[in-house]
Every structure is written in C-alpha cells, then in structure tokens.
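The values are calculated or read from the model by the stated rules, or taken from the named source; none is laboratory data. This structure is a prediction, so every number in the text was calculated from the model and none was measured. Neighbour counts are summed over all protein chains in view; Cβ atoms, including those assigned to glycine, are modelled from backbone coordinates with ideal geometry.
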Amino acid sequence: MKENKKTYPPNWVVMQNNIQECFKSMNIDEKRLLILASPIARTTQATEKDQILITAEQFAKECGIKTHSAYTQLELASRNLIKRSFSYNNERGKRVLSNWVIDCTYEDGGIAIRFPEIVLLMLTEFDKLNPYTKYKKDIVLSLKKDYSFDIYHLAKKYQAMGSFQISLDELFQELGLPESYRRIGNLKDRVIHPSLYEITTNTDIDLTYENLKKGRSVVGFKFIIKQKAKFIEFEGKKSDNEKNIQSSQNLTEKQLDMFSVKLADLPAVQSMAHVGEDMKPFVARLRTMLMDADQQKELLPYLKEVGYAAY
C-alpha cells in the first residue's frame, strides 16, 4: 500500500535489485547520471511528464571531476543512455522491451531527462515485490572505476550476510565482462584487485575475496564484506516502537535457512524472482532480505503463512 511505502532522504541512492542487470553495460558516467537522478525521482515523485535536471555544476561537484569537462561528459552519458534498452516481464507475463530514457533536453548548464514509467518504478518503489539495495550517494560517487560501481552494489546487496559467493560465469554476467578477461590473472589485475582496493579505500565497507576452486582451477570467488566502524548507517531517528519491532524480528541462522526455503515455495513469493533466476540464488536472496529489518517486515504476511508466529 502506498502509505506503507519505505522512504529515504535525498542523500541516499535506493534502487531495485533488478536495475543491476541494466547497469552492467553502462559506462561510468551513465551510472553516475542514473545515481544522481535516482533520489530526485524518488523525492519529487516524478512521473513520465516530469523532467529531472542534472546540472554540469552538480555533476562535477558530486562526482569529483573537473568543471570544464562536466557538461561534455554529461552530454555523452545522456546520448548513450537514450540509446539503451532493456526487457522485463509485465503483469501478464509478456516480455516488454523498454528504453531507459524518453528524451533528453539540453538546457544551458545541464541535461533534463524524462524517464519512462517502468524506470521510475525501479527508482521509487521498494517493497516485498520489489527488493532493493541502498547506499549513501556521496560514497558510491567517490568511485571512479567502472567495475567498482557494480561490485560495490553487489556487496551492499549481500552485506547483511557478511559475504557472498559467485561463480565466474555469474560474475561475467553480472558485470558484463569481455571474454578477454577469462584468464584469471587478467581478471584479477583488471577487475578484482583495482575494484576491491578502490572500494575498501573510499567507501563504508572493507571488501576482500577468496578463490573458490574445483581441483586446481579457480571457478569463482567468495567476497567478504565488513562494515567500517566510522560508517555506521543512519537513516534518521526511529521511534521506540520501531526499535522494538526490529529487535523482536531477529531470526536465528537456522530460522533464516528454513524460512527462506519455505518462502521460496510460496507462489506469491515466487513472483519476486528475477527473470531466469534459479532456485538456489533466489533462496539466498530471500535469506538476505530476512536479515534486513525493513524487508523482513514487508515479508511478514508470508512468514506468518509458512508458520513463523513470533510477531
């Protein structure tokens, strides 16, 4: 229901998790443009008719780039973004192809963008049917490397679990990596090491990794996520009642394992699965959602349905 929709202040970037699928093909300035537009769309309740203006001055200041090149980078990013499309399944299960952007108006000193309804949905609707990831805008915009954005997004998505595992094939799909990076040494030198160094140096988390091996071959990675003490997340003051609700919903490791599997078997919850998502990663994603107080509350009706009666 609209009155129960989770809200966040303008300094937070909040995006549905399925937006990551679209992120992978974008260059860094396109990602920056989308990240800057995200809180504006959310806090102004933008519609398809509304233009979202990103000025060159804002782009330069928030992204830490030189002012004289900001407008050119912004214009190129908008030109690339308007050519991009993605697909999704509508409420009737039909495949729909959509553009990211309706149009771009080149104003003096900035770019005004109009987004289609489906994109605005991914930037504004966060509930049990639309799982999401959130992070501080200034932190993510401190990143300068293409793949740092994507790996940071994945790390924040799984932060509540403390780690996540990903196969090489899944990593290539998530990040849209070229086949030339298939050699492990090349992959580590060009993607893993620079991205993890930049993330650990500049953001709110420490990110390390371990090889996953089959025999002597590396088949994937385990990423370990640790929150830095000086970056304790704060989303505004919570009432005593909210604090009590959150503390009363802590699930044990055994309950997380059990209820994530049970939830995945419910037809109503299965509609939350991403297109082409297998059961194992879907269960893992549900487990992560159950560890987040906000998303766990959104899953409350389904938790009750599968037998959790602690509420």
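Structure data summary
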quantity	calculated
Search result, residues across the range 105-123 that are surrounded by 18 or more Cβ atoms within 10 Å (Cβ to Cβ) and in contact with a helix residue (DSSP H, G or I) (Cβ under 7 Å, 6 or more places away or on another chain)	110, 111, 113, 115, 120, 122, 123
Residues of the range 84-107 satisfying the condition of being among the charged types (D, E, K, R) and over 22 Å from residue 49 (Cβ atoms)	91, 92, 94, 95
Qualifying positions in the range 190-225 - exposed (fewer than 15 other Cβ atoms within 10 Å of the Cβ), more than 19 Å from residue 177 (Cα to Cα) and charged (D, E, K, R)	210, 213, 214, 216
First in the range 46-66 and in contact (Cβ under 8 Å) with a residue 12 or more places away in the chain and surrounded by fewer than 15 Cβ atoms within 10 Å (Cβ to Cβ), second anywhere and in a loop (DSSP other than H, G, I, E, B) and among the hydroxyl-bearing types (Ser, Thr, Tyr), Cβ under 7 Å, 6 or more apart	64/142
Selection within the range 121-133 - at pLDDT 85 or above and either in a loop (DSSP other than H, G, I, E, B) or over 16 Å from residue 45 (Cβ atoms) (or both)	none
Failed criterion for residue 148 (all others in (1) assigned to a helix (DSSP H, G or I); (2) of a type outside the set (A, V, I, L, M, F, W, C); (3) in contact (Cβ under 8 Å) with a residue 60 or more places away in the chain hold)	(3)
Among residues of the range 274-297, those that are modelled with pLDDT of 75 or more and under 26 Å from residue 87 (Cα atoms), counted	11
Count of residues meeting criterion [buried (at least 18 other Cβ atoms within 10 Å of the Cβ), in a helix (DSSP H, G or I) and among the aliphatic types (A, V, I, L, M)] in the range 165-186	3
Residue that is farthest from residue 142 (Cα to Cα), among those in the range 178-217 that are of a type outside the set (Val, Ile, Thr) and in contact (Cβ under 8 Å) with a residue 24 or more places away in the chain	212
Within the range 155-208, tally of residues that are of a type in the set (Gly, Ala, Ser) and touching a Phe, Trp or Tyr at 6+ places or on another chain (Cβ under 9 Å)	5
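Conditions tested, residue by residue: (1) farther than 30 Å from residue 270 by Cα; (2) surrounded by 18 or more Cβ atoms within 10 Å (Cβ to Cβ); (3) assigned by TED's automatic domain parsing to the domain that holds residue 10.
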| residue | (1), (2), (3) |
| --- | --- |
| 103 | yes, no, yes |
| 125 | no, no, yes |
| 163 | no, no, no |
| 188 | yes, no, no |
